[in-house]
1. Of the residues Lys6, Lys29, which is basic (Lys, Arg), out of contact with any Phe, Trp or Tyr (no Cβ under 9 Å at 6 or more places or on another chain) and without any contact (Cβ under 8 Å) to a residue 12 or more places away in the chain?
2. Counting just the residues of segment 30-85 that are under 8 Å from the mean Cα position of the chain (by Cα) and either among the hydroxyl-bearing types (Ser, Thr, Tyr) or over 18 Å from Ile103 (Cα atoms) (or both), which one comes out surrounded by the most Cβ atoms within 10 Å (Cβ to Cβ)?
3. I need the strands (runs of 3 or more DSSP E) fully contained in segment 5-113, keeping only those with at least 3 residues that are hydrophobic (A, V, I, L, M, F, W, C).
4. Taking the conditions exactly as written (surrounded by fewer than 20 Cβ atoms within 10 Å (Cβ to Cβ) and either assigned to a helix (DSSP H, G or I) or touching a Gly at 6+ places or on another chain (Cβ under 6 Å) (or both)), does Arg118 satisfy them or not?
5. Would you pick out the residues in segment 13-22 that are of a type in the set (S, T, N, Q) and either in contact with a Cys (Cβ under 6 Å, 6 or more places away or on another chain) or surrounded by 13 or more Cβ atoms within 10 Å (Cβ to Cβ) (or both)?
6. Run Gly39 past the list (1) closer than 17 Å to Val81 by Cβ; (2) touching a helix residue (DSSP H, G or I) at 6+ places or on another chain (Cβ under 8 Å) and report the number of the one that doesn't hold.
7. Based on what the data block shows, is Leu37 closer than 23 Å to Gln4 by Cβ and without any contact (Cβ under 8 Å) to a residue 60 or more places away in the chain?
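Please treat every number below as a calculation from the coordinates, not as lab data. Keep in mind it's a predicted model, so treat the numbers as computed, not measured. Note that we place each Cβ from the backbone using ideal geometry, even for glycine, and neighbour counts take in every protein chain shown.
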Amino acid sequence: MEVQNKNSEIHIGNNVAISNAFSIECMTKVSIEDNVLIGHNCSLLDNDGHDLNIDKRRNGVVKSEPIHICQNVFLGSNVTVLKGVTIGENSIIGNGSIVTTNIPRNVIACGNPAKVVREL
């Protein structure tokens, strides 16, 4: 877990199961609610890391938005969740997915980028 500044916040709820090779890169805020399952090799990245604009990159300007993983979510293995995403409660994210936009509650989503494939 990498906290990138003194105002960064990482919150992990109760009964959260995290498998091997999990990483969080937090510049703003990453919240994981209760009863979440996280598969192998998952990453939560609340920032872009480096701006595409060379001047902004040189000056350390980085876009960052909070990530919120709601209760009872299951992230399969090799899932990446990008900045600004909320995954709604009880939802499942399939293996290898890259989540770039909000996912509603009670759905299964997968793919690159992750899309809802069915309701639960």
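1. Selected residue: Lys6, the only one of Lys6, Lys29 that is basic (Lys, Arg), out of contact with any Phe, Trp or Tyr (no Cβ under 9 Å at 6 or more places or on another chain) and without any contact (Cβ under 8 Å) to a residue 12 or more places away in the chain.
2. Residue satisfying both the conditions and the ranking: Thr80.
3. 107-111
4. So Arg118 fails the test.
5. The one that is of a type in the set (S, T, N, Q) and either in contact with a Cys (Cβ under 6 Å, 6 or more places away or on another chain) or surrounded by 13 or more Cβ atoms within 10 Å (Cβ to Cβ) (or both): Ser19.
6. Only one criterion is unmet by Gly39, namely (2).
7. Spelling it out, it is not the case that Leu37 is closer than 23 Å to Gln4 by Cβ and without any contact (Cβ under 8 Å) to a residue 60 or more places away in the chain.
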